[in-house]
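Visitor: Got a structure for you, questions after.
The values are calculated or read from the model by the stated rules, or taken from the named source; none is laboratory data. Not measured: the values here are computed from a predicted model. Here the Cβ positions follow ideal geometry from the backbone for every residue, glycine too, while neighbour counts run over all protein chains shown.
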Amino acid sequence: MEKLRLALIGAGRIASKKHLEALLKNSDVIELVGVCDLIEDKAMALSRKYAEVLGKKPEISTSADYFFKRDDIDAVAIATSSGTHYDLTIGALDNGKHVLVEKPMALSTKHMDQMIDLAKRKNLKLAVSFQNRFNPPIVELRKKVEDGSFGRIFYGVASIRWNRNEDYYKQADWRGKWRSDGGVLMNQSTHNIDLLQWMLGGDVEEVVGFVENFNHPYIEAEDFGAAIVKFKSGAVGIIEGTSVVYPRNLEETLSIFGEKGTVKIGGLAVNRIEVWRFENEDSHPMMNLPDPDTVYGHGHVPLYRDFYESIDTGRDPAIPGEEGRKAVDIVLAIYKSYLEKKPVRFPFDFAAWEMEGIAW
């Protein structure tokens, strides 16, 4: 295949930082031909940054539909606010475009079903941006899971101990709302929840969850969440996600405990091994890796490469819709469990906006 011709939908924070970086570093196989944002100046700024490096300025538009309907565009990357992912993905797929969509892929189990089903019917690729799966320490951990080095895996813990202040929510009015975002579990914690479920077998049997809003009275959703997740593999997952840590981000860690192995990965973006213990192994070279520039890490670069290769070869992307939904399903189950005051067994139907009206 010649270069993949791609339009970027959304030119905000994540797009202008990590999607742009990934497009520039994959310019040998992907050409950015269009940038869309409701705020034209944002689209123009991203287009100019791209042109400064590669010399060719992508076209801009405030209409995603304009790019969806163009026959000379093969794929789109959707980097807009969470609550818009469903409609934009459906629009792109309906017009024959492959889609790479930011997390969370949608805020409803039914919407995720529809996205996955439409991609299959159209024979198109639907990939989800869980870029931390490409972090080198995560790749090393996954190898140990797959080769059986842990023996039986007993349980894992995902801890996201961050801070988000009022200024963060004032930057974008969609943040912290049930219909357009969700809270700390859906927005900040889904990356680590995805890694946890991936390491523990993926298929969930039951979730017991609790959420609270301790210190953010100006948002609708939770600033703290905790859950116990029972997997069909027999393993148990423990989730703790919060944005109330004083006075700034503390840590994000993923820990996996098995009969023959113990691993803890931390760093700014689960990018550094902190504990690595197996028989005849008590350390790892990746214990001294530097932190990336942001919590996003550098995984968007291999994520985009994988997206291109999946289209070029016809294979599934590393994180197809069926995989990308799993972390969202867990978060939605936590919400449902809290709302109904009982465990939630899989499968189930729920949408984040069913939490609207909760009085903390």
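Visitor: On the given criteria, is L332 assigned to a helix (DSSP H, G or I), free of Cβ contacts under 8 Å to residues at least 24 places away in the same chain and surrounded by 15 or more Cβ atoms within 10 Å (Cβ to Cβ)?
Guide: In short, no.
Visitor: Still on this structure, please answer the following. Looking at this structure, is V270 among the aliphatic types (A, V, I, L, M), within 25 Å of D117 (Cβ to Cβ) and in the same structural domain as L141 (by TED's automatic domain parsing)?
Guide: no
Visitor: Could you tell me which of the residues V211, V184 is crowded, with 20+ Cβ neighbours inside 10 Å, in contact with a Leu (Cβ under 8 Å, 6 or more places away or on another chain) and either touching a residue at least 12 places away in the same chain (Cβ under 8 Å) or under 21 Å from I319 (Cβ atoms) (or both)? Steps first, please.
Guide: Working: V184 fails: in contact with a Leu (Cβ under 8 Å, 6 or more places away or on another chain).
When all the criteria are applied, what remains is V211.
Visitor: Take the range 187-206 and flag every residue that is hydrophobic (A, V, I, L, M, F, W, C) and either in contact with a Ser or Thr (Cβ under 7 Å, 6 or more places away or on another chain) or assigned to a helix (DSSP H, G or I) (or both).
Guide: Passing the criteria: I193, L195, L196, W198, M199, L200.
A quick yes/no check of all residues on (1) in a helix (DSSP H, G or I); (2) acidic (D, E):
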{"position": "L38", "(1), (2)": "no, no"}
{"position": "L46", "(1), (2)": "yes, no"}
{"position": "K56", "(1), (2)": "no, no"}
{"position": "D71", "(1), (2)": "no, yes"}
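Visitor: Next question, about the same structure. Please go through the range 89-132 and give me each residue that is crowded, with 22+ Cβ neighbours inside 10 Å and part of a helix (DSSP H, G or I), ordered by number.
Guide: T89, A92, L93, M112, M115, A119, Q131, N132 - these are the residues of the range 89-132 that are crowded, with 22+ Cβ neighbours inside 10 Å and part of a helix (DSSP H, G or I).
Visitor: Within the range 28-54, can you find the residues that are β-branched (V, I, T) and closer than 17 Å to E2 by Cα?
Guide: V29, I30, V33
Visitor: Please specify each residue of the range 263-287 satisfying the condition of being of a type in the set (A, V, I, L, M), surrounded by 21 or more Cβ atoms within 10 Å (Cβ to Cβ) and not in a strand (DSSP E or B).
Guide: A269, V270
Visitor: Spot the failing condition for D291; the list is (1) part of a loop (DSSP other than H, G, I, E, B); (2) farther than 22 Å from I160 by Cα, and only one is missed.
Guide: Only one criterion in (1) part of a loop (DSSP other than H, G, I, E, B); (2) farther than 22 Å from I160 by Cα is unmet by D291, namely (2).
Visitor: So, I228, is that one without any contact (Cβ under 8 Å) to a residue 40 or more places away in the chain, assigned to a strand (DSSP E or B) and surrounded by fewer than 18 Cβ atoms within 10 Å (Cβ to Cβ) or not? Show your work before the answer.
Guide: Details: without any contact (Cβ under 8 Å) to a residue 40 or more places away in the chain: yes; assigned to a strand (DSSP E or B): yes; surrounded by fewer than 18 Cβ atoms within 10 Å (Cβ to Cβ): yes.
Answer is yes for this residue.
Visitor: Return yes when D306 is in a helix (DSSP H, G or I), farther than 25 Å from I219 by Cα and not assigned by TED's automatic domain parsing to the domain that holds N187 and no when it is not.
Guide: Criteria met by D306.
Visitor: Here's another thing I want to ask about it. Pick from the range 231-262 the residues that are aliphatic (A, V, I, L, M), more than 17 Å from D329 (Cα to Cα) and surrounded by 19 or more Cβ atoms within 10 Å (Cβ to Cβ): which of them is farthest from the chain's Cα centre (by Cα)?
Guide: It comes out as A235.
Visitor: Now, a different point. Just to be sure I understand the filter: pairs with C-beta atoms under 6 Å, separated by 6 or more residues or on different chains, first member in the range 283-311 and more than 29 Å from K97 (Cβ to Cβ), second member among the β-branched types (V, I, T) and surrounded by 20 or more Cβ atoms within 10 Å (Cβ to Cβ). Which pairs pass?
Guide: That search, which allows pairs on different chains as well, returns H284/I273; M286/I273; M287/I273.
Visitor: Of all residues in the range 1-29, count the ones that are modelled with pLDDT of 95 or more, surrounded by fewer than 21 Cβ atoms within 10 Å (Cβ to Cβ) and assigned to a loop (DSSP other than H, G, I, E, B).
Guide: Looking only at that region, the number is 5.
Visitor: When both residues are 6+ apart or on different chains and their Cβ atoms are under 8 Å apart, which pairs have a first residue that lies in the range 139-157 and is under 22 Å from V229 (Cα atoms) and of a type in the set (G, A, S), and a second that is at pLDDT below 95 and not in a helix (DSSP H, G or I)?
Guide: So the pair list comes out empty.
Visitor: Among (1) part of a helix (DSSP H, G or I); (2) at pLDDT below 95, which single condition is A172 missing?
Guide: (1)
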